[in-house]
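Have a look at the structure below, then the notes.
Nothing in this text is a laboratory measurement; each read-out follows from the coordinates by a stated rule. Since this is a predicted model, take the numbers as computed values, not measurements. Glycine gets a Cβ as well: all are built from the backbone with ideal geometry, and neighbour counts include every protein chain shown.
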Amino acid sequence: MNSVEKAQETQLRNIQVRSGKTLEELGKILDNSGLSKHSELRDLLIRETGLGYGDASTFVHFWKKTGGKWVFENTGGLDKVLDGIYTGPKAALRPIHDRVMAEISKFGEFEVAPKKGYVSLRRRRQFAMVGPATKASVEIGINLKQPLDSPRPKVLPPGSMCNYTLRISDPAEVDGELVEWLRAAFEQAG
């Protein structure tokens, strides 16, 4: 990735932080507006999200240029992002990640937002996160309001990114119990 692409990727991350919305949510604002002119779309984002002129203009430019498909294209695709997360000694953990994602994909549509060392899974809000915790285990964060009657998950303090986390070191640990917790979190986030 060259320096221009890195700068664009940084600006897009900052746009999410400043607006409090994911790139997908911002795109939906534009898609649902019925507007087509760059200046109208830019002004809409400024009004609706509080973004500054430059951020709103940049977002509109990229959204119009690629129809929203640029979210992962600038980094070479989600697989390339995952290859970067699951590298070196953590590469052996990728089958666990793939198994978790295969189960979650059965629930319906959701957004995958790559972060530095994990992926965030969202509907209207984040319902889970998946990434390597150590070179021997994958950590799964779950946002679920109900108490879980199991010694497997660790309860996190209020204000954490997720309510629960658990670590698994084998694809076989992606069992019915874990899948049901993820399904409940998915449904609550919708």
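Key figures
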read-out	value
Rounded to whole Hz, the Karplus (6.51, -1.76, 1.60) HN-Hα couplings of region 20-34, x for glycine and proline	x, 10, 6, 4, 4, 5, 5, x, 5, 4, 5, 4, 7, 7, x
Relative contact order (percent, whole number), the chain, Cα cutoff 8 Å, 6+ residue spacing	15
Theoretical ellipticity at 222 nm over the chain - DSSP helices of four or more residues, -39500 (n - 2.57) apiece, nearest 500	-14000 deg cm²/dmol
Given Lys80/Lys115; Lys21/Lys64; Lys64/Lys116; Lys28/Lys115; Lys80/Lys145; Lys106/Lys135, the pairs whose alpha carbons are separated by over 24 Å	Lys64/Lys116; Lys80/Lys145; Lys106/Lys135
For the chain, the fraction of alpha-carbon pairs in successive 10 Å shells from zero, as %	9, 32, 32, 20, 7, 0
Linear extension gain, Arg152 paired with Asn32, 0.36 nm per residue minus alpha-carbon span	39.0 nm
Estimated vicinal HN-Hα couplings, Hz - region 53-64 in sequence order (Karplus 6.51, -1.76, 1.60; Gly, Pro = x)	4, x, 5, 4, 5, 4, 4, 4, 4, 5, 5, 5
Assigned charges on the beta-carbon of Lys, Arg, Asp, Glu; region 78-188 dipole about Cα centre (debye)	460
Rounded tilt (10° steps) of 38-49 against the dominant C-alpha axis of the chain	50
Options Leu156, Ser169, Ala56, ranked by Cα towards positive dipole end of the chain, top entry (Cβ charges)	Ala56
Amide proton proximity set for Ala128, modelled H, under 5 Å, gap of 5+	Leu121, Asn143
Angle between the chain longest axis and helix 3-19 axis [Cα atoms, degrees, rounded to 10]	80
Check: the chain dipole with +1 on Lys, Arg Cβ and -1 on Asp, Glu Cβ, in debye	460
Highest to lowest packing among 22-30, 109-117, scored as the average C-beta count within 10 Å	22-30, 109-117
